[in-house]
């Protein structure tokens, strides 16, 4: 579907406004007023006109399954006199509600579970093996914090402990980035096919994603590097000043840097699907994401934060039982935990908790990737009428899928 209309880079896509004559389907039930561009002039109920060829006049109304006739009921996608949106795949082709985005990602996992779990399990197992080896042989001992230290010394110890933790997390972060790279690349292709209601095998998804891996790697490395530079700029003045005032300045600078990083990460959160599906470059995909997220920052933040919370709860529900079993099996680690000292967990603990992490990752990876891709699709539907292009590509009757120039084969 690389050449399918709507996925190619639109060039001067009308993100700042859409032609008022383009008919639009019904709004979602839980739309909270995001930046969708709805035409004030709508055709009468049951008379949606399919898009006509460029330069041609309006075509005669055609009745298509799922589009013609007045809507029945008042659920999402229905309204008084408005037809329900077509749904060739896991989502209806109209602006999506938050619940529909989450449901679409879960539906993709159910519909293509062999392909989705295949890539998720492979990446999760390899990543977890690497993480276990790093924890066992490379991580330094954690910094001991004196509970009886004065406030100034306790603050310094807390900063030293945070620095040590960041250094210890670096190898795991690299492993996570590499794992995320492959899962994002392949799952983006799977989810984009599922929107059109088409199946895809793991080799097909990999063949489509492989040419974009170098650019995706550049994007995946650039965003954390940018965050690191911003955080360093925030805390460095306080470190140079030293003394208690310097510590306070570092904390304030760190908080300010964190706010800037959060704003930028949400602003660039749709860069990876733009890079994969529109064949954009690294910087072009970041500009594209910023354009799509503009005027929808808080909604994007809310959806991503909710997804993060849900995936955290899933990981917690799966991980806690494995952690308790692992602590009980590893007597040395459990003894250290009960005495209040830093536990020295052995191989049994690492292996059992690793199994729990693999299971959790195999479930949460597809959900996170699905939400990101569907957010991208949703924003393009709201700003650029991508639903019409997707309907054509999916072969929905009445949308010109039989006209020359439209490739609905998915290749």
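The values are calculated or read from the model by the stated rules, or taken from the named source; none is laboratory data. The shown structure was predicted, so the numbers you read here are calculated from the model rather than taken from an experiment. A quick note on method: Cβ atoms are made from the backbone with ideal geometry, for glycine too, and the neighbour counts reach across all protein chains shown.
Things to note:
- Filtered residues of the stretch 291-307 (kept if in a helix (DSSP H, G or I) and either in contact (Cβ under 8 Å) with a residue 60 or more places away in the chain or crowded, with 17+ Cβ neighbours inside 10 Å (or both)): 291, 292, 293, 299, 300, 301, 302, 303, 304, 306, 307
- Residues of the stretch 198-227 that are loosely packed, with under 14 Cβ neighbours inside 10 Å and part of a helix (DSSP H, G or I): 203, 207, 210, 211, 214, 225.
- Screening residue 401 on (1) at pLDDT 60 or above; (2) under 21 Å from residue 199 (Cα atoms) shows it passes everything except condition (1).
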